[in-house]
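J.: To start, I am sharing the structure in question, which I have written as structure tokens.
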Amino acid sequence: MEQSANSFYYSDESLVKHVHRFAPHVLDSYGFITPIVNFLFCRLKNNVWAQISYEHMEVENYPYPVPSTTDDPVNLDDRYRLMMRHLERLNQKIAYTEPGTEQLVEAFIERALLSYTFGEDWIAMFNLKLAITIDCIPVTLVDSVKELYLEAYGRAKGMFYPSIGNRINPPLCYSEAYMAENPLSGRHLLARRSLSRGELVTREWPFVRLLTADNLLRCDYCLVYLPFALIPCGGCSQALYCTLTCCMRAFEEYHALECSFIGILRSHYTFLEQLGARLTLRAIRLCNGSMEQLGVLSANRGGYNYNVPLGFNSDPRMAYGMINNLSTNRNRLKARGLFRDGAKAIGLAKLLGPEIERIYQTKNDYTLQMVVAEHLVHHLQIARVNTLYLWRSVEDPEQATNCRTNSKPFAAVLLANGSLFNHSCVPNVHYTLEPSTGAILFAANNDIPRNTMLNINYW
């Protein structure tokens, strides 16, 4: 029988040192092929490569439709699937195309045409503005761009402007639950008052989040479905954002550090490990690359109010402290699992070291890598225990749902207040993504009396 992990590793520091001592050959590098694959598929911005990927990309969400009848070979639903297939491939092309080139202009104009065809006139105008700002529109397309813009404006005038511009305003946090603790249930949430079926229990902004599917259809930061208006990251071809605001927020919080090796991160690490890594990246960004400040921030273990959910305007250091103090269930792990966590953390720390040195002018030495690895181990375990998955309909990727039937997970999030809900196979609360803001909503499944324990379905 395997021994308890605590008999081998009493802390993250001793774990990392043990792994580094006994498995250095595994951690020296990722080999010769992996960096090349990372560059070709995740970092390379090349027009020829973009065109090749556009022509040969396989689309999972919208399989090629089979003709319905001889008289009506492609019905309305099938036409929709064909256009969405084309849109997803087009977003792939935009992600890989070199910035400031005619090919990118043409791609934005083509997407504007698709938006106009779908009746998304404001978003069609948004795409045309993206094309115009590049300032290299082919002469042959100038008149067509003007005509399409005027037609879209004429048709959209007087209509409600879509929520694309409203996402600049972050959601407000809200909670009708409070935290309690006992030896049997640990930390859990109770209802402050009697709640009616369908009533909002909690609204919380995720501290970190990760797309696990629909990378070409949703914003990588706020997770909102907006395939007609996604903007690519200027450094990599893996992250797309719904607005420049989301792009800048992601860059400030974590993406500046992960951008250069995001391909290795996605190919060598599970979704939970990637989410834990993003938590570490955000902590490093909060401390401006200082390992001393990071140690002080992580050492603070008390004084946090879990009765208040995280909002966008919450103090990020306080929010990190709340997340960092969530349960890890470390004492339930076996030595083999902990050793694997340590190896993953050290490998990732070796990738992070040069980026921290480049951005913060901090010496990339053994000490820095070990400190980063110690935090990575802790954050990987937090993510494994506390992550919530968001689900959407299989038939309609736009439709976020709390139902597990005919659905699939598309994102993983870490919350402070929301992570305290206990599990039940018959939950009295369900959760889902708020489409207009990117916040996570928890609502009552049935009438809930005051001081009743609140449960969700983890699976």
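The values are calculated or read from the model by the stated rules, or taken from the named source; none is laboratory data. Predicted, not measured: the structure shown is a model, and the values here were computed from it. No Cβ is skipped: glycine too gets one built from the backbone with ideal geometry, and neighbour counts run over all protein chains shown. Protein only, heavy atoms only, side chains kept; ligands, DNA and RNA dropped before computing areas. Shrake-Rupley method; radii C 1.70, N 1.55, O 1.52, S 1.80 Å.
J.: Quick one: what pairs do we get from the range 326-340, first residue farther than 11 Å from Leu15 by Cβ, second open to solvent by 40 Å² or more (accessible area, probe 1.4 Å) and of a type in the set (A, V, I, L, M), C-beta under 7 Å, 6+ apart or different chains?
T.: Ser327/Val385; Thr328/Val385; Asn329/Val385
J.: Sticking with this one: From the list Ile94, Ile109, exactly one residue is touching a strand residue (DSSP E or B) at 6+ places or on another chain (Cβ under 6 Å), outside any loop (DSSP other than H, G, I, E, B), surrounded by 14 or more Cβ atoms within 10 Å (Cβ to Cβ) and modelled with pLDDT of 80 or more. Which is it? Quick ask: steps written out before the conclusion?
T.: Working: Ile109 fails: touching a strand residue (DSSP E or B) at 6+ places or on another chain (Cβ under 6 Å).
The unique qualifying residue is Ile94.
J.: Now a separate question. Where residues in the range 254-301 are under 18 Å from Asp341 (Cβ atoms) and not in a helix (DSSP H, G or I), which of them is most open to solvent (accessible area, probe 1.4 Å)?
T.: Among residues in the range 254-301 that are under 18 Å from Asp341 (Cβ atoms) and not in a helix (DSSP H, G or I), the one most open to solvent (accessible area, probe 1.4 Å) is Thr270.
J.: On to the next question. Only one of Leu388, Leu433 is within 21 Å of Leu281 (Cβ to Cβ), within 21 Å of the chain's Cα centre (by Cα) and open to solvent by less than 20 Å² (accessible area, probe 1.4 Å); which?
T.: On the way: Leu433 fails: within 21 Å of Leu281 (Cβ to Cβ).
From the options Leu388, Leu433, the qualifying one is Leu388.
J.: Among the residues of the range 221-253, count how many are free of Cβ contacts under 8 Å to residues at least 40 places away in the same chain, open to solvent by less than 10 Å² (accessible area, probe 1.4 Å) and not hydrophobic (A, V, I, L, M, F, W, C).
T.: Result for the range 221-253: 1.
J.: With the structure loaded, tell me whether Tyr64 is at pLDDT 60 or above, farther than 20 Å from Ser237 by Cα, open to solvent by 20 Å² or more (accessible area, probe 1.4 Å) and among the aromatic types (Phe, Trp, Tyr) or whether it fails that test.
T.: Working: at pLDDT 60 or above: no; farther than 20 Å from Ser237 by Cα: yes; open to solvent by 20 Å² or more (accessible area, probe 1.4 Å): yes; among the aromatic types (Phe, Trp, Tyr): yes.
Spelling it out, it is not the case that Tyr64 is at pLDDT 60 or above, farther than 20 Å from Ser237 by Cα, open to solvent by 20 Å² or more (accessible area, probe 1.4 Å) and among the aromatic types (Phe, Trp, Tyr).
J.: Give the residue that is farthest from Leu279 (Cα to Cα), with candidates limited to residues of the range 401-430 that are open to solvent by less than 10 Å² (accessible area, probe 1.4 Å) and part of a strand (DSSP E or B).
T.: Checked the range 401-430; the qualifying residue farthest from Leu279 (Cα to Cα) is Val429.
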